[in-house]
Amino acid sequence: MKVDVILGLQWGDEGKGKIVDVLTPRYDIIARFQGGPNAGHTIAFQGKKFVLHTIPSGIFHPLTLNVIGNGVIIDPLILFREIDNLHESGVQPEHNLVVSGRAHLILPTHRLLDAALETGKGAAKIGSTLKGIGPAYTDKYGRNGIRAGQIKDDTFPVLYHQLRDAHLETVHHLGFDITSQRFEGMTFEIYEQQWLAAVERMKSLTISDTETLLNRLLDEGKKVLAEGAQGTLLDIDFGSYPFVTSSNTISAGVCSGLGISPRRIGTIYGIFKAYCTRVGSGPFPTELFDTDGETLRREGNEFGATTGRPRRCGWLDLPALQYAIMLNGINSLIMMKSDVLSHFPVIPVCTGYSREGKLLEGYPFDAGDPELKTLYREMKGWQMPLDQIEKPEDIPGFLEDYILFIEEKVGLPIHLVSTGPDRSQTLVRKPL
Ligand code: GDP
Ligand code: IMO
Ligand code: MG
């Protein structure tokens, strides 16, 4: 069998959690392949809402195995917060969760470093979620990291203290005041104690060679869905560097992040909002600073699932979408949050960029260039609520025109259209 993939095509928060949850009954295994607790994936059903940071979004289906792959970085304390939250709702994630022994750990001092480095950047800060992502991946690639598979080793305490002390020295050199920081509401010392306790608890989880497990299950005919975190425009190589995250969020990351050959990749689903949002700093050519932006934020409830920060909002950017489709080799599209656009009589869509009067081809290297102009095509708004729509035949005409326009521009079908946060608010426009 093949590994299907679901990826965000914008700056994250496209609705990946919701759609992975919706698609999970079709799969035996859901696997995260990159990122860490910077992700916040929201799932809503039966009046309940959950936000997952590290655990894959298939966890609510007890017969589905959920894999935290080698490309993911794990903060044990945040992981157990999630597990405890799930317990409160009667979900027992330990039963269907496997962690790669090769996944790297985020240490408390990675978070300290993240805060120290961001503070040092001043106005040029990235707007990181401050979960320690950049420093933890830096240690991975610098070959200094500690992996989940090492927590039971006798050498773990020594390795931990060596790395921690080296980090503290750097933090000290940066002139950063540790006492000014709070981590999940705690001082550094208390956070560290709780983190070490979470590492102890982690020993009870299934930690294994998930690459071998996944390849064996695929050989046995099992179906795998790889769940992306963040979005293509936050990719370390192709995003708006340096305002990016520290992993490959694109489809190429699935192979290295799970130990899967490219020959194993099947359908690649691309998920996008019917407009755009971004949280944190960096270029955003179609960003709105007016009441339309406020309306998108209000109606879309655009506040970060991980940090609670207000998300920046703007119109759909087709050149950016086309770029993301190209990088990922998308086969099928899923459009989210169409209901949020119900409030607009006219909906502009960015169809291209120009500089000094010349039309640009493709997505520019410097999307933040102030000389860059965005060109819009205005679409008619449907101006009606979508919550009563249960069948794709009932999609209002102007929404269908909006969808057809995007399909024509990017040359791909939009299979699913999401009309609300709940699992049930998902229209299958074309069979998957
Ligand atoms: P993810 O990181 O890609 O999983 O997305 P987030 O969970 O961070 O953000 C998506 C937000 O939009 C969440 O609050 C979802 O509950 C919500 N959402 C998902 N789909 C829809 C939709 O079609 N309409 C509306 N109004 N909200 C949606
Ligand atoms: P999900 O999986 C939206 C953004 C941060 C910041 C930049 C770098 O929920 O879509 P980092 O913490 O990685 O050092 O932050 O990337 N960012 C996200 N934005 N959704 C996410 O994840 C994000 N993960 C990181 O806001 O601008
Ligand atoms: Mg999110």
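Descriptive notes on the structure:
- Modelled this way, with points 7 Å down the Cα-to-C-beta line, the labels at residue 309 and residue 61 are 3.3 nm from one another.
- Principal axis extents of the Cα atoms in the stretch 272-428, from largest to smallest and rounded to whole angstrom, are 46, 35, 30.
- Qualifying lysines (Cα of each under 20 Å from Cα of residue 223; at least 8 residues distant if same chain): 2, 16, 18
- Whole-angstrom gap from the stretch 262-291 to the stretch 46-97, using each part's C-alpha centre: 24 Å
- Amide N of the stretch 1-15 lying under 19 Å from the label point, which is placed 7 angstrom from the Cα of residue 89 along Cα→Cβ: 13-15
- Applying the Karplus relation 6.51 cos²θ - 1.76 cosθ + 1.60 with θ = phi - 60° to the stretch 387-395 yields 3J(HN,Hα) values of 5, 8, 7, 10, 10, x, 4, 8, 4 Hz, where x marks Gly and Pro.
- In the stretch 308-384, the GluC sites (Glu not before Pro) that fall in loop regions by DSSP, at most 15 other Cβ within 10 Å: 356, 361, 371
- Dipole in debye (nearest 20) - the stretch 272-428, about Cα centre, beta carbon charges: Lys, Arg +1; Asp, Glu -1: 380 debye
- Near residue 97, the amide H atoms lying under 5 Å from its own belong to 66; only residues 5 or more places off or on other chains count, and H is placed 1.01 Å from N.
- In a DSSP loop and with at most 15 other Cβ atoms within 10 Å, the trypsin sites (Lys or Arg not before Pro) in the stretch 47-151 are 125, 143.
- Around the amide H of residue 383, modelled in the peptide plane, lie the amide H atoms of 344, all under 5 Å away and 5 or more residues distant in sequence or on another chain.
- Residue-count net charge about residue 103 - beta-carbon cut-off 12 Å; Lys, Arg +1, Asp, Glu -1: +1
- Pairwise Cα distances in the stretch 104-202 exceed 18 Å for 46 percent of all pairs.
- Annotation for the stretch 152-246: GluC sites (Glu not before Pro) lying in DSSP loop with at most 10 further Cβ atoms inside 10 Å of their Cβ are 220.
- Both the radius of gyration and Dmax for the stretch 241-344 are 15.5, 48 Å, in that order, over alpha-carbon atoms.
- Phi angles of the stretch 296-306 translate, via the Karplus equation with coefficients 6.51, -1.76, 1.60 and θ = phi - 60°, into HN-Hα couplings of 4, 5, 5, 5, x, 6, 7, 10, x, 6, 9 Hz per residue; Gly and Pro are given as x.
- Residue order, fewest to most surrounding Cβ atoms within 10 angstrom, among 313, 350: 350, 313
- Phi to ³J(HN,Hα) by Karplus 6.51 cos²θ - 1.76 cosθ + 1.60 over the stretch 2-16, Hz, x for Gly, Pro: 9, 9, 7, 9, 10, 9, x, 9, 10, 9, x, 6, 6, x, 4
- Cut-off 17 Å (backbone N to label point 7 Å along Cα→Cβ of residue 289), residues of the stretch 351-394: 368-374
- Cα extents for the chain along the principal axes, largest to smallest and rounded to whole angstrom: 64, 51, 40.
- Between residue 393 and residue 196, the C-beta separation translates, for a Förster distance of 60 Å, into a calculated FRET efficiency of about 0.60.
- Separation of alpha-carbon centers, the stretch 157-178 and the stretch 379-432, rounded to whole Å: 51 Å
- Alpha-carbon radius of gyration plus Dmax, which is the widest Cα pair, for the stretch 5-157 in Å: 16.1, 48
- Hull volume in cubic angstrom per residue (convex hull over the Cα atoms of the stretch 143-187): 104 Å³
- Longest segment of the chain lacking chymotrypsin sites (Phe, Trp or Tyr not before Pro) that sit in a DSSP loop with at most 13 other Cβ atoms within 10 Å: 1-288
Read-outs: derived from the displayed coordinates by stated rules, not from any lab. Note that the structure is a prediction, hence the values are computed from the model and not measured. A quick note on method: Cβ atoms are made from the backbone with ideal geometry, for glycine too, and the neighbour counts reach across all protein chains shown.
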